[in-house]
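The values are calculated or read from the model by the stated rules, or taken from the named source; none is laboratory data. These numbers come from a predicted model, not from an experiment. Using ideal geometry, Cβ is built from the backbone for each residue, glycine included, and neighbour counts are taken over all protein chains shown. Heads up: the accessible areas ignore ligands, DNA and RNA and are worked out on the full protein's heavy atoms, side chains in. Shrake-Rupley method; radii C 1.70, N 1.55, O 1.52, S 1.80 Å.
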Amino acid sequence: MHYLRRMVFCLLIITGAAASSAVAGEDDILTVLTRVYQTVKDNDAGKVADYIPALQKADPKNYGIVLATVDGDLYKQGDTGVEFAIESISKVFTLALALEDSGEDVILKNVGAYQTGLPFNSIIAADIRAIPLQNPLVNAGAIITTSYIQGTDSDNKWCRTLDFISLFAGRKLVVMKDVCESEMATNQHNRALSWQAKSSGLLQGDPDDAVVRYTKACSVGITCEDLAKMGVILANYGVDPLSGKHIISADKVEFILSMMLISGLYDSSGPWLLKVGVPGKSGVGGGILAVVPGKFALAVFSPPLDEFGNSVRGVQTAELLAGELGLHLLKSH
Ligand code: GLU
């Protein structure tokens with residue numbers, strides 16, 4: 001029996017809900033997702049991101065959940081085909097490419113693997129915490145990481161990045177032009193971080209080029225279904241369960257998932273680790289990804305954000321599913 005079906009079957013046996021069912025199937029997994037979806041959907045707390053003007057256009061009612069298993073199954077609820085900007089979740093995949101191109105030592109030496117304890121785009125963190133006391137999932141660290149993606153020129157570096165992110169989604173992704181233009185017009189803060197990193201000798205090449213490619217990566221459009229497919233490759237230690245293709249090595253996946261545990265939900269990574277207990281990554285476009293190694297990926301899309309920049313319904317969905325399915329990596333029973 002597939003892992004997830006077995007898990008849900010056990011769960012339903014325990015709760016008595018499926019006492020008469022000999023084999024739990026897709027319906028049971030969908031039952032759990034539907035229950036969580038119904039519980040969460042009317043939570044209208046949070047606020048759609050507005051510091052990037054184009055993101056304000058997102059519909060706060062949108063809410064989708066996709067669970068993709070390492071067996072290649074996909075379970076969906078709600079608005080799973082709506083396009084949204086990947087935003088910070090792109091940092092996971094640019095890190096993957098930078099690791100392929102430049103290796104772990106370069107990233108650790110120039111970026112680090114530390115929680116900053118400060119907001120994701122903090123200039124102060126990059127200054128008083130004396131970078132490289134950062135990590136690749138906060139803005140300064142992600143921009144430095146982007147600078148270690150190799151290529152013959154800026155275009156080539158960007159094409160390689162987009163192709164690589166697309167490889168995870170299993171389809172050709174494109175940049176959301178309006179989001180990219182809006183973000184380029186308002187990303188002075190990120191440019192400051194990039195130049196600051198350059199002045200500290202940590203960023204390779206042209207700081208403006210690094211921030212442009214970082215911004216384009218954040219503006220890539222994905223759906224909740226794409227995000228689940230991208231995440232399940234990490235859950236499956238680098239192999240795409242659908243195509244069988246080897247996308248990235250297992251040791252790099254270990255590095256990436258560790259970073260997601262350290263800082264995937266920024267300064268609320270601690271509460272996330274306590275309540276959900278698996279590597280996660282959020283983006284201000286409303287996407288959120290949870291990876292359960294060896295088992296499945298959970299993607300949620302819902303634009304209203306909490307004060308930390310994480311999707312309110314996304315966090316609630318992950319917490320409820322973690323409780324229902326017993327996901328915490330350190331769980332003893
Ligand atoms: N592009 C966004 C920024 O640089 C990403 C932030 C996020 O999704 O958390 O501010």
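At a glance:
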| read-out | value |
| --- | --- |
| Debye intensity ratio I(q)/I(0), log10, the chain, q values 0.10 Å⁻¹ (C-alpha model) | -0.53 |
| Linear extension gain, Ser199 paired with Glu181, 0.36 nm per residue minus alpha-carbon span | 3.8 nm |
| Rel. contact order, % - alpha carbon contacts under 8 angstrom, at least six apart, the chain | 25 percent |
| For the chain: accessible area per residue (Å², 1.4 Å) | 39 Å² |
| Peptides ranked, highest mean first, by Cβ atoms within 10 Å: ranges 273-282, 144-153 | 273-282, 144-153 |
| The range 22-118: C-alpha gyration tensor shape, a/c 1.5 cut-off, then a/b vs b/c | oblate |
| Cβ-based charge dipole, the chain, positive-most Cα from Gly46, Val179, Val315 | Val315 |
| Highest to lowest packing among 297-304, 325-332, 188-195, scored as the average C-beta count within 10 Å | 297-304, 188-195, 325-332 |
| Exposure of Thr34 as accessible area (Å², to 10), given a probe of 1.4 Å and all protein chains | 50 Å² |
| Alpha-carbon centroid distance for the pair the range 132-155 / the range 239-294, whole angstrom | 18 Å |
| The range 69-224 shape via C-alpha gyration tensor axes, a/c threshold 1.5 | prolate |
| The chain: most fluctuating residue of Asp79, Asp28, Asp105 per GNM, C-alpha cutoff 10 Å | Asp105 |
| Cut-off under 5 Å, modelled amide H: who pairs with Leu305 long-range | Lys47, Val48, Ala49, Val312 |
| Cα pair distances in the range 233-286, grouped into 5 Å bins until the bin that holds the longest one, percent each | 5, 21, 23, 18, 17, 12, 4, 0 |
| Solvent-accessible area, 1.4 Å probe, carbon plus sulfur percent, for the chain | 55 percent |
| Gyration tensor verdict on the range 196-333 (Cα atoms; rounded if a/c is under 1.5, prolate if a/b is larger than b/c, oblate otherwise) | prolate |
